[in-house]
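This structure is in structure tokens; I'll ask about it shortly.
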Amino acid sequence: MFRHAYPALAAALVAGVSGIASAQAPTAPRDVDATATLTNAQGQNVGTVSVESDENGGTEVKIRTTGLPPGFHGVHIHEKGVCDPNSIDPATRSPFHSAGPHLGSGSHPGHIGDLPDLLVRGDGVGRLSFVTDRFRVEDLLSGDGSSVVVHAKPDNQANVPDRYSRSGAAGPDAETLKAGDSGGRIACGVLRRDY
Ligand SMILES: [Cu+2]
């Protein structure tokens, strides 16, 4: 008896739910999120990234990783949504050159794609969560898209005090102002729309 009654009940529920959804569609704001799967240069899955709009007009980013080297790692949003491990930077020999430079103009750490460091535990697990008003989810999905890149070294956020000098010039040099000295790219994930 239940076997016969259940499909009818289910159909009624579906009809009811879709009826509510279509009635609300013209006025309800569409909540657009983005997600990325991080892979290393060997193509192994090493984590996930989610980017969500929060109710205060900001954006929340969550990163979860496994299988990465312990310690601090620079993480940024790069300006192209292309993660090709065989795309090698001719200057540094780093993979994922295809992801392009940091998203946004200006110098480090003022690019809109500059993010806090990820701290990875001894067992390779890392978790990072933060809010930002530097970008909205939509900004990451327009044009060429964008990608999240994890680097081999910590990002110094160009925090090089003037007591450090090189060739007579104090403070951060051009290389530091480009990417915070975070080294090669060890994982990359293309951000994709996720409703
Ligand atoms: Cu980067």
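Note down the magnitude of the dipole of the range 34-193 about its Cα centre, charges +1 on Lys and Arg C-beta and -1 on Asp and Glu C-beta and zero elsewhere, to the nearest 20 debye. All intermediate terms of the calculation are to be shown ahead of the outcome.
Numbers: 15 positive and 19 negative charges, 86 e Å.
Taking the Cα centre of the range 34-193 as origin, the dipole is about 420 debye.
Taking a ≥ b ≥ c as the square roots of the eigenvalues of the Cα gyration tensor of the range 81-140, is the shape rounded (a/c under 1.5), prolate (a/b larger than b/c) or oblate?
Oblate is the answer for the range 81-140, as a/c is 1.5 or above yet b/c matches or exceeds a/b.
Cβ neighbours within 10 Å, averaged per peptide: list 46-59, 153-166, 73-86 in order, most packed at the top.
Ranking, from highest mean packing down: 73-86, 46-59, 153-166.
Would you mind computing the Rg to Rh ratio of the range 112-168 from its alpha-carbon coordinates, Kirkwood style for Rh? Provide the component values of the computation, followed by the final result.
Numbers: Rg = 15.6 Å, Rh = 14.6 Å.
Rg/Rh: 1.07.
Between Asp84 and Val32, what's the calculated FRET efficiency when r is the beta-carbon distance and R0 is 30 Å? Round to 0.05.
In this case the efficiency is close to 0.70.
Using the Cα gyration tensor of the range 64-189, with a ≥ b ≥ c the square roots of its eigenvalues, what is the shape: rounded (a/c below 1.5), prolate (a/b larger than b/c) or oblate (neither)?
In terms of gyration-tensor shape, rounded.
Taking each pair of different alpha-carbon atoms in the range 133-195 once, compute 1/r for the pair, average those values, and report the inverse of that mean as the Kirkwood hydrodynamic radius in Å to one decimal.
The answer is 14.1 Å.
Separate question: What distance in nm separates the simple spin-label points at Gln42 and Arg121, each placed 7 Å from Cα in the Cβ direction?
The two pseudo-label positions are separated by 2.2 nm.
Show me the ranking of peptides 107-119, 133-145 by mean Cβ neighbours inside 10 Å, starting with the highest.
Numbers: 107-119: 19.8, 133-145: 15.5.
Those peptides, ordered most packed to least, come out 107-119, 133-145.
Here, each number is a calculation from the coordinates, and none is a lab measurement. Model, not experiment: these values are computed from the prediction. Cβ atoms come from the backbone with ideal geometry, glycine included; neighbour counts cover every protein chain shown.
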